[in-house]
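Q: If you scroll down you'll find the structure; I have some questions about it.
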Amino acid sequence: MSLQYYERLSNKNKAYLWHPFTQMKDYNRSDPLIIERAEGVRLFDVQGNAYFDGFSSVWLNVHGHNIPELNKAITDQLGQLAHSTLLGMANVPAIELAEKLIQLAPSGLNKVFYSDSGATGVEIAIKMAFQYWHNQGCHQKKSFITMNQAYHGDTIGAVSVGAIPLYHDVFRPMLFPSHTIPYPYAYRHKDGAAGAKEATLTALRTLLETRSEEVAALIVEPIVQGASGIIVMPPGCLREMALLCRQYDVLFIADEVATGFGRTGAMFACDLEGVSPDLMVIGKGLTGGYLPVAATLATDEIYDAFYADYEEQKTFFHGHSFTGNPLGCAVAIASLKLFEERNLLTTVRTNASFVERKLHMLTERPHVGEIRQKGLMIGIELVRDKASREPYDWADRIGVRVTMRARELGLLTRPLGNVVVFIPPLASTSDELDAMLDILADSIIDVTEGDAA
Ligand SMILES: *Cc1c(COP(=O)(O)O)cnc(C)c1O
């Protein structure tokens, strides 16, 4: 493509677009990356440069891009019906997908309520939990427990159970208050994994002992807290949290938006510890990362609390225009079919071991503090001083600089503060992972140890 073509698009981009999670003043000073097409695990910009999709287009992509089976599912469905509402009526792919999801989900989850993003799925889980108690006359059970540094999406309800100060504090005056317990962050806890786990469970137990009559639900990112920096829970923690909630009659909401659909090596992170939540939110990888479909899964017990004569006013009055979109549901069904046909969960585990072995090359580097991994969710925490674990100052923008260097070398990802994220498409081959990790390692070494460090 000609330079003028790029310049024209770049100027229009800066003139008309406002990007999410982006300081536009920085962005408009840079040469924007403008993606035109994709093939497998590579994205191509309008100038023809190729980049590995090292973050699965923000944690969505499963089988790679431009996959014939997934494309066909969408075009086949397009010839039938692009959209029709789920308000009071159904469509074929929405029904078929719901059955499939119930078969795959942890036991006890028997109903599917669709929406169109992780945030709306969380919003629905929160409102369902609240109204579940309300419909049974428990009007005092209306608050929520969340975890320190939690991220559940960007709508107001989801932000109310969010706990990342940089994103959420500005909105605090307009949010409902939530209880916050510590997330077990072993690397930054003085007593390591055991101490971090104990602190979390003690805080939860204490809170439930004193306040459970006013708590509707606990919401958690199971096993891996994503946006806070890919922080992996010590073993057994999730299971014990779920047991405590059951014991104190507080609903357990699992936000599997990031962890669901094989990302951690199990279909859902809850499966890793045999946890069956009362409500489970899924999104991101649900459609293979192709189209915006999310869902909130509920137990019969929750569903039954809304099931009544109309006059009782127990209906769940919530919905979105594109709830249960047939194109999205059709591609989700096709994606789940590929999961089975290609034994993708086995591939994820093999890929995860490969990545783990390969990342050993970074463990001794002077600014690599901790390498965290669960399945194909990887976070590399960079530190100014390895021995004291002193973090880089946020003004150093160390994560941003590493990912900019990676982009120059042909790999796309986004940092989370001082944590470099590696979340490749699940179906990447070992050769592709090898090439991606070489770039990632070179970028970390160039930026933290090179002349400009
Ligand atoms: C991405 C994410 C969300 C929000 O999903 P959107 O589709 O971006 O609204 C919610 N929860 C978790 C754990 C996530 O990672």
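Q: List the relative contact order of the chain as a percent without decimals, with contacts defined as Cα pairs under 8 Å and 6+ residues apart.
A: Once normalised by length, the contact order is 20 percent.
Q: Counting only trypsin sites (Lys or Arg not before Pro) that sit in a DSSP loop (anything but H, G, I, E, B) with at most 10 other Cβ atoms within 10 Å, what is the longest stretch of the chain containing none of them?
A: Longest stretch, sites excluded: 191-453.
Q: Sticking with this one: Would you mind getting the Kirkwood hydrodynamic radius of the stretch 85-155 from its Cα pairs, rounded to one decimal in Å? Mind dumping the intermediate values first?
A: Working: mean 1/r = 0.0689 Å⁻¹.
Over the stretch 85-155, the inverse of the mean reciprocal pair distance is 14.5 Å.
Q: With θ set to phi - 60°, apply the Karplus curve 6.51 cos²θ - 1.76 cosθ + 1.60 along the stretch 187-200 and write out the HN-Hα couplings as whole Hz, x wherever there is a Gly or Pro.
A: 4, 9, 9, 5, 10, x, 4, 5, x, 5, 5, 4, 4, 5
Q: Return, ordered by residue number, the residues of the stretch 139-181 whose backbone nitrogen is under 14 Å from a label point located 7 Å along Cα→Cβ of Thr210.
A: 179-181
Q: Oh, and also: What percent of all Cα-Cα pairs in the stretch 153-303 falls in each 5 Å bin, counting up from 0?
A: The percentages, shortest bin first, are 2, 9, 17, 21, 22, 18, 8, 2, 0.
Q: Stretch Glu312-Lys337 to full length: gain in nm at 0.36 nm per residue minus the Cα-Cα span?
A: Numbers: separation 25, 0.36 × 25 = 9.00 nm, distance 4.10 nm.
Here the answer is 4.9 nm.
Q: Considering only DSSP states other than H, G, I, E and B, which chymotrypsin sites (Phe, Trp or Tyr not before Pro) in the stretch 214-314 qualify as loop sites with at most 15 other Cβ atoms within 10 Å? Could you put the intermediate results ahead of the total?
A: Numbers: sites: Tyr248, Phe252, Phe261, Phe268, Tyr290, Tyr303, Phe306, Tyr307, Tyr310; in loops: Tyr248, Phe261, Phe268, Tyr290, Phe306, Tyr307.
Sites meeting the loop and neighbour criteria: Tyr307.
Q: Would you grab the residues whose amide H sits under 5 Å from the one on Thr180? Only those 5+ places off in sequence or on another chain, please, with H modelled 1.01 Å from N.
A: Residues meeting the criterion, in which the H sits 1.01 Å from N, are Thr146.
Q: Which three numbers, in whole Å and largest first, are the semi-axes of the equivalent ellipsoid of the chain derived from its Cα gyration tensor as √(5λ)? Mind showing how you got there, number by number?
A: Numbers: eigenvalues 242, 163, 86 Å².
Value: 35, 29, 21 Å, ordered largest first.
Q: Can you give the three extents of the C-alpha atoms in the stretch 352-453 along their principal axes, from longest to shortest, in whole Å?
A: Extents along the principal axes, in whole Å: 36, 27, 20.
Q: Fully extended, how many nm does the chain gain between Glu408 and Lys12 (0.36 nm per residue separation, minus their Cα-Cα distance)?
A: 140.2 nm
Q: Continuing with this model, one more query. What are the ³J(HN,Hα) values, in whole Hz, obtained from phi via the Karplus relation 6.51 cos²θ - 1.76 cosθ + 1.60 with θ = phi - 60°, for each residue of the stretch 343-359 in sequence order, with x given for Gly and Pro?
A: Values, residue by residue: 6, 5, 4, 5, 4, 4, 5, 4, 4, 4, 5, 4, 4, 4, 4, 5, 6 Hz.
Q: Still on this model: Among the DSSP beta bridges whose two residues both lie in the stretch 70-341, what percent are antiparallel, rounded to the nearest 5?
A: Values: 12 of 25 bridges.
Of the beta bridges lying entirely in the stretch 70-341, close to 50 percent run antiparallel.
Q: Any chance you could check the Cα centroid distance between the stretch 3-44 and the stretch 321-374 for me, in angstrom?
A: One Cα centre to the other: 27 Å.
Q: Ok, one more. Diagonalise the Cα gyration tensor of the stretch 33-181 and give the resulting equivalent ellipsoid semi-axes, square root of 5 times each eigenvalue, largest first, whole Å.
A: Computed over the stretch 33-181, the values are 34, 25, 13 Å.
Q: Apply the a/c threshold of 1.5 to the C-alpha gyration tensor of the stretch 218-290 and tell me whether it is rounded, prolate or oblate.
A: prolate
Q: Do the sum for the chain: with -39,500 (n - 2.57) for every DSSP H run of n ≥ 4, divided by all residues, what is the mean residue ellipticity at 222 nm, to the nearest 500 deg cm²/dmol?
A: Result for the chain, helices only: -12000 deg cm²/dmol.
Q: Using label points projected 7 Å from each Cα along Cα→Cβ, tell me how many nm separate Lys386 and Asp169, to one decimal.
A: Inter-label distance under the simple model: 3.2 nm.
Q: Of all chymotrypsin sites (Phe, Trp or Tyr not before Pro) in the stretch 16-70, which ones are in loop regions per DSSP and have a Cβ with at most 13 other Cβ atoms within 10 Å?
A: Those that pass, being in a loop and sparsely packed, are Trp18, Phe21.
Where a number appears in this text, it was derived from the coordinates with a stated rule and is not lab data. Note that the structure is predicted; figures quoted are calculated from it, not measured. With ideal geometry, Cβ positions are generated from the backbone for all residues, glycine too; neighbour counts draw on all protein chains shown.
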